[in-house]
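First up is the structure itself, then whatever we jot down about it.
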Amino acid sequence: MEKNNCFHCGLDVIKAEEIFFDDKIFCCTGCKTVYEIFNQNDLTSYYDFEKSPGATPQNTNGKYDFLDNESIVSKLLEFKENETTIISLNIPHIHCSSCIWILENLQRLQKGISTSQVNFPEKRVRITFNSATVSVKEIVLLLSSIGYEPYISLENYESGKAVVDRSLTYKLGVAFFCFGNIMLLSFPEYFEVKEYWLDHYRGFFRWLIFALSLPSFFYSASGYYVSAYKSIKTKMLNIDIPIALGIIVMFVRSTFDIIMDYGSGFFDSLTGLIFFMLLGKMFQIKTYSFLSFERDFKSYFPIAITKINPDGRELSIPIYEVEKGNRLLIRNQELIPVDGILLSEKAEIDYSFVTGEAVPIVKHSGDKVFAGGKQIGKMIEMEVLQTVSQSYLTQLWSNDVFQKNVEQKHKTITDKISRYFTPILLLIAFVGFGYWIFINANTAFNVFTAVLIVACPCALALTAPFTFGNVLRILGKQKFYLKNALVIEQLAKVDTIVFDKTGTITTNKKSKITYVPPSEIIGIGVQDGVINSETSTLIKNALRGSNHPLSRMLYDFLPETKLIKVDNFEEQAGKGIQALVAGSSIKIGSRDFVLHTHFETDNKGCDSEVELENTVVYITIDEVYYGKYIFMNQYRDGLAKLFQDLSKKYEIKILSGDNDGERATLQALLPKGTALIFNQKPEQKLEFIKALQAVGKNVMMVGDGLNDAGALAQSHIGISISENVNVFSPACDAILDAEEFKKLNFFLRYSKDAITTIKMSFVVSLLYNVVGLGFAITGNLLPLIAAIIMPLSTITIVSFVTVMSNYYAKRKR
Amino acid sequence: MSVIYLLISISILVAIGFFIAFIRAVKTGQYDDDFTPSVRMLFEDELIQKETKNKEESLKTEYLETQK
């Protein structure tokens, strides 16, 4: 069979359904429409940059009606004056150069848009438009219709314009400007040529250098003074104290030197030092702009919801205005924002954001529904019981963990060293001073300042930023995204690991599926059959049209087959699907739906224990029973091996919100001594972590859903496992792509290697200090020597840590 | 030789000029996104497609031929 791909989205095209338009093949009318839009507006070069870059537009029927509400829209805008309006929209589909091109040419598709600019790393587009000509809703609908549906959540509400902190860039710029110019002007001094002209203009050069060093000294280095002052105040000796001390002494002594005409001073070293240290700081900051580590429920929840007034009118209102007793309308794929009671007859609710469990739960009229669930299928009505902030799930956020400012009193490895470094340094300086004071008071002052200058722990301070910066990049390439460099040190210290079960060590993508042919009990008086390749083809085709998670799983499970056109496809929420494939009537779904015609009389004795704990799908073809598929929790690849490896070094615990139905399976799979704790509510998980911390454990929590959010925030390190890192993950310290879960042990070991690297390079940088001190204490520290030692040690350290951290990353996985 | 005052002043002034340009670039957000511009600068001719349409059309059919 000839296989073709859709010109727009790249998916396989079924022969019977293919649409031939303008010499190109499309998989559905949606893709064709997008192509038509682009074609009419001469934007077809969209397809030139990247092959099949598009996405099939989703049905947005009524979804964005809330954008008619002026008060909601005004909260989303970034800027508005008269008719000029700017809005920033997050579009998760942005992934290639074609996306940038089409989104920056929006003004050709829609009148009223003046410019649009894409920020690729953040997956955002910033649109400037004329609000008299075009509305926000029209823009959002236009984006959706070309396959770039924006993601609007409660987080956008009142977000306004984010303040970007660019002070480090400024400081670095200033430091580089001063450093570069001072270096140029210092050259004559380096060569110490006794030439008339140089002597004549020396004063001019020196004072110019002095003037140039002022911005660097007062502005660029200001962060170090503040930090040193703070650490003295809290009586914690950190690395910034000797740095600040060194910088200040260097500046004072150099100024003194040129006033008294003793020499040229150390301004070149001073500004170089500041520049290199700021560079290290910059290098350490590696942000994954498209990820957010601070997500709470706000980024999951919609911004507005449809309320039904008592008179039957529908009205979009902001989520925060939902009140107890309101009646809400929840459409297909919409999130339930508050706890409430279901009014509609039946609903299927997917709680995968909350629990990680992908199979939807069926609720009936009068049942309680909790916030965080996503409605699948028809639209439903519900009555509100709690407001947003009082709902079961959102209450978690009122816990202290989320309130407190997360400025941890965490001692970094550099700070630990500097606790000894600073006193020893001062001791050496005073001893040197004490010795020379009896010989020559002048030299004594020189020695004292020289010691502080040369020992200024520039290399020491650079070690950690460069190592961590490099490690962050290496881990990021392996899809393990850390919030900041501090997390690496924390990782190396972990001694207890707590895992969530559902969605973390099990996958919610593919369940383990077993086929059970019709057994004898069921077979009484009924014709039955066994699924073979032919019937499996029919089933697979029938499943194709269904978006139910179980259908998708079963579809993926069944072997690859040819595609047949499906007629009379019908899906019933909470029941199953019915379809006519190649003349055979196929029914797939729940027991009641598929089998009730067969055995209304014989309903006992079939519900074995297996079926109660797992999800089962029954199948009939032309009223003949063909057995059932049982879905079981599938554990992630390499789980057993990972736990074997981890259990050697760490204490492992598993927390689960589920009942203990899987206890036996887990015990067989996991090493002995693994604690298994079931039936844990979100707050209990948090308390569990707290209890472990109370006995002095360094706890790492690995979780995925919103119900782990409390535990993730409480633990020393919260790692969130995500199937799709672009979209969802609760607040955490690190995000791990689910595919890389089995590498967790490697990541933990690598973080330890990083610490080893740092320790080794501390030794190297201390060696430089000893050499420098040798010059200083004998009273021989010339500005030229300082100017050589300082960059030399920096380069050695930077190259050493880069080579080492790359070496460790490449070592056996 | 007092020309050295003039020369150095000029060199410092030029440096300050560049420095001001840098500050302005940071202020307008040019350092916030360092990836997209690298892609954007490669777009150019696509906007004036109308004139070259026929040529593009033939190229596209050729492209499709090779695909089959």
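Only the coordinates and a few stated rules stand behind these numbers; no lab work does. Computed from a predicted model, the values in this text were never measured in an experiment. Positions of Cβ are backbone-derived with ideal geometry, glycine not excepted, and every protein chain shown enters the neighbour counts.
The length gained by stretching the chain between residue A:556 and residue A:227 to full extension, at 0.36 nm per residue less their Cα-Cα distance, is 112.8 nm. The residues A:804, A:183, when put in order of fewest to most other Cβ atoms within 10 Å, stand as A:183, A:804. In this simple spin-label approximation, residue A:438 and residue A:167 carry label points 7 Å from Cα along the Cα→Cβ vector, and these lie 4.9 nm apart. Mean separation of Cα pairs under 8 Å and 6 or more residues apart, divided by the residue count, gives chain A a relative contact order of 12 percent.
Between residue A:695 and residue A:782, the simple spin-label model (points 7 angstrom out along Cα→Cβ) gives 6.5 nm.
For the range A:1-125, the dipole from Cβ point charges (+1 on Lys and Arg, -1 on Asp and Glu) about the Cα centre works out to 200 debye, to the nearest 20.
In a fully extended conformation the segment linking residue A:115 and residue A:767 would gain 229.0 nm over its present Cα-Cα distance, using 0.36 nm per residue.
Taking the Cα centre of the range A:67-186 as origin and assigning +1 to Lys and Arg Cβ atoms and -1 to Asp and Glu Cβ atoms, the resulting dipole is close to 340 debye. Note on residue A:585 and residue B:9: the model spin-label points, each 7 Å out from Cα along the C-beta direction, lie 10.0 nm apart.
With contributions of -39500 (n - 2.57) from each DSSP H run of at least four residues, the per-residue ellipticity at 222 nm computed over chain A stands at -13500 deg cm²/dmol. Computed 3J(HN,Hα) for the range A:230-238, one whole-Hz value per residue from the Karplus formula 6.51 cos²θ - 1.76 cosθ + 1.60 where θ = phi - 60°, is 4, 6, 5, 4, 8, 6, 10, 7, 10, glycine and proline marked x. What the Cβ-Cβ distance of residue A:22 and residue A:327 gives, at R0 = 60 Å and to the nearest 0.05, is a FRET efficiency of 0.80.
Amide H contacts for residue A:361 (H built 1.01 Å from N in the peptide plane; partners 5 or more residues away or on another chain; cut-off under 5 Å): A:349, A:350, A:351. Ranking of A:118, A:431 by neighbouring Cβ atoms within 10 Å, starting from the fewest: A:431, A:118.
Here the calculated FRET efficiency for residue B:16 and residue A:96, from their Cβ-Cβ distance with R0 = 45 Å, stands at 0.65, rounded to the nearest 0.05.
Around the amide H of residue A:721, modelled in the peptide plane, lie the amide H atoms of A:703, A:704, A:736, all under 5 Å away and 5 or more residues distant in sequence or on another chain. Per-residue Cβ neighbour counts within 10 Å put A:261, A:65 in the sequence A:261, A:65, beginning with the fewest. Here the 3J(HN,Hα) profile of the range A:641-650, calculated from phi with Karplus coefficients 6.51, -1.76 and 1.60 at θ = phi - 60°, is 5, 4, 5, 4, 5, 5, 5, 5, 10, 10 Hz, Gly and Pro shown as x.
Compute the helix-to-body angle for A:29-40: its Cα long axis versus the longest principal axis of chain A, expressed 0 to 90° and rounded to tens. With rounding to tens, the tilt is 50 degrees. Here chain A is assigned +1 on the Cβ of each Lys and Arg and -1 on the Cβ of each Asp and Glu. Its dipole about the Cα centre then comes out at about 3020 debye. For the pair residue B:42 and residue A:74, a Förster radius of 41 Å applied to the C-beta separation gives a FRET efficiency near 0.65, rounded to the nearest 0.05.
Between residue A:41 and residue A:262, the contour length at 0.36 nm per residue exceeds the Cα-Cα span by 72.1 nm.
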